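Every number here is computed from the coordinates shown, using simple stated rules; none is lab data. Computed from a predicted structure; not experimentally measured. Here Cβ is always computed from backbone atoms with ideal geometry, including for glycine, and neighbour counts include all displayed protein chains.
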Amino acid sequence: MYAFRKPFSAAQYEGLALFGTQVELKTAFVISQVIGYALSKYLGIKFCSEMTRGRRLAMLIGLVTVAEIALLLFAVLPPQLKILALFANGLPLGMVWGLVVWYLEGRRTSELLLAGLSCSFILASGVVKDVGRWLMDHHGVSEFWMPFTTGLIFLIPFVVSTFLLDQLPDPDADDEEERSPREPMDGAHRISFLRRFFLPLTMLFFAYIFLTAFRDYRDNYGVEIFSELGYGEKPGIFSKSETWVAFGVLVPLALLFCIRDNFFGLLAAFSLMIFGALSLGVSTLLFDRGAINGLTWMILIGIGSYLAYVPYGSILFDRIIAKAHVIGTAVFAIYVADALGYTGSVAILLFKDLVVGEATRLEFFRSFTYILSIGSAGLILASAFLILRSGRTRSRPT
């Protein structure tokens, strides 16, 4: 899916602005796609949480096909209208994650499966941008045709992978006993879930808004940030950095599989998230003092931000539902968080260009890192206390 979402950010679109304003055209592209993606998350709160097994395969293939057609429009429309194409590109793609998580949640092996899925999108973000740069630098593909061409390369592998994913069996009786049955959630069940966890979820969602904005900024402006750090001409820099990040996140998250008790599983997940948030500030302090170089800093803050960010879309809500014995699906909570998170991402992007436009991408990013480190760690810690203090519920009743 990332081959249809992220390649456009490998280009810089230098010297282009939106209708002569202070907003750079690349920022307008990013915001347009994120708005479509965020709207898709809001739609996904209902559609993904209610999706039945028999419709998922056709829906996944259909969504990505629409996204690729939108990239064709991005190639052929005039520059100022290309923002409409990227909006149309983001609109279907926001529901892909939830449909895939539907296959993997509610299992005794969910930590392993979801950690692997999370590792794939971290790695994919770097790989597809390197593929996009390779198409432009070595094959003469223009920066506007590059996203569509990248999508074509990955279209058949996507269809094959989706077909194989659809062959997974449903969770068995042992899975349901340990992790609670996963069923579509109607409106009444969704409201009941939000009321039950209102205060801790509110804190988690606020932290997620800024974590999403930070991750998106690092992802979409990685080309500019690496250029300011002196790595602009280094080939494969994204694949190199994101490979370290992916496995730095995969290993600790996958190890949560070893914790069968849902109370201690949640405790471990929250601990990893708080550690990741705090490590952002520590890593940036080391970079500012010259103790580490720019590449090492980008890798360390990538690992830290993803340790705090990834559990939202994978193990966190799966464990909360299992601990509380809620009948439903983690996809609902994931999509509420995502919808809010990508809305916040748009606000941060506009703030950068319109309020602190004189700051370089790197300068803004460094300041953002310190604020995020302290704020998100505090919010996650408070939420963890509220959720865990309700008492310990074991995975298997005694």
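Structure data summary
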quantity	calculated
222 nm mean residue ellipticity, helices alone, for the chain (DSSP H n ≥ 4; -39,500 (n - 2.57); rounded to 500)	-25000 deg cm²/dmol
Cα gyration tensor shape for the range 31-91, rounded if a/c is under 1.5, else prolate or oblate	oblate
Residue order, fewest to most beta carbons within 10 Å, for Leu155, Leu81, Leu379	Leu81, Leu155, Leu379
Full-stretch length increase - Glu233, Val160 - with 0.36 nm per residue and alpha-carbon distance subtracted	22.8 nm
Sorted by Cβ neighbour density within 10 Å, fewest at the top, the residues Val160, Val141, Val245	Val160, Val141, Val245
Chain lengthening between Val355 and Arg196 when straightened (0.36 nm per residue, less Cα-Cα)	53.4 nm
Lys/Arg +1, Asp/Glu -1 at C-beta; the chain dipole; positive extreme among Tyr103, Gly236, Tyr221	Tyr103
Ranked Glu242, Glu143, criterion: other C-beta atoms within 10 Å, fewest first	Glu143, Glu242
Distance histogram for the chain (every C-alpha pair counted, 10 angstrom bins, percent rounded to whole numbers)	5, 23, 34, 25, 11, 2, 0
Debye intensity ratio I(q)/I(0), log10, the range 245-340, q values 0.26 Å⁻¹ (C-alpha model)	-1.28
Cα-centre dipole for the chain with unit charges at Cβ (Lys and Arg positive, Asp and Glu negative), debye to 20	760
Gained length - Leu152 relative to Leu255, 0.36 nm times residue gap less alpha-carbon distance	33.5 nm
Per-pair calculated FRET efficiency, R0 = 41 Å: Ala324 and Leu285 via Cβ, rounded to 0.05	0.60
Burial order of peptide ranges 26-36, 59-69, 163-173 (average beta-carbon count within 10 Å, highest first)	26-36, 59-69, 163-173
Listed residue pairs exceeding 28 Å between alpha carbons, taken from Lys46/Lys129; Lys82/Lys352; Lys46/Lys240; Lys41/Lys234	Lys46/Lys129; Lys46/Lys240; Lys41/Lys234
